[in-house]
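Inspection log for the structure reproduced underneath, given as structure tokens.
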Amino acid sequence: MCHFCKKKFENLEHYIFDCPSIATERTHFLNEISQYMQKLNPNLETLWVKSRSEKNRKNICSILFGGNYVVQNDGVFVLFRKSHRSKSHQTDHTVVMTAEFLGRLGERAEQESGR
């Protein structure tokens, strides 16, 4: 049961896409990600903008939770695993931003339950 809207849900997608009670926080969070994508990688930003406009939840969640994409010669984006050679990747920051967003929601839930 969602603490915010009181609807039953099955996964985190509810917070990322559906909960009407946190629409303001979600919009702010997704806009932060968009600003980061502009600085990070123009190709990834293109995929992010396209995925958001098409409401492609798979791509959006893959990006938010650390998916790494590469653009093939034909312009198709392909999800790939991180290299074990490097300790971090530029998309690790999106995971941290997503965790912070979910953490803020948890703090809000705690504050509201303590009223």
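Quick notes on this one:
- Taking 0.36 nm per residue of separation and subtracting the Cα-Cα distance, full extension of the segment from LEU102 to LYS39 would add 20.4 nm.
- Of the trypsin sites (Lys or Arg not before Pro) in the range 3-69, those whose Cβ has at most 10 other Cβ within 10 Å and which sit in DSSP loop: LYS6, LYS8, LYS55
Values in this text are rule-based calculations from the coordinates and carry no lab data. Please read all numbers here as calculations on a predicted model, not as lab measurements. With ideal geometry, Cβ positions are generated from the backbone for all residues, glycine too; neighbour counts draw on all protein chains shown.
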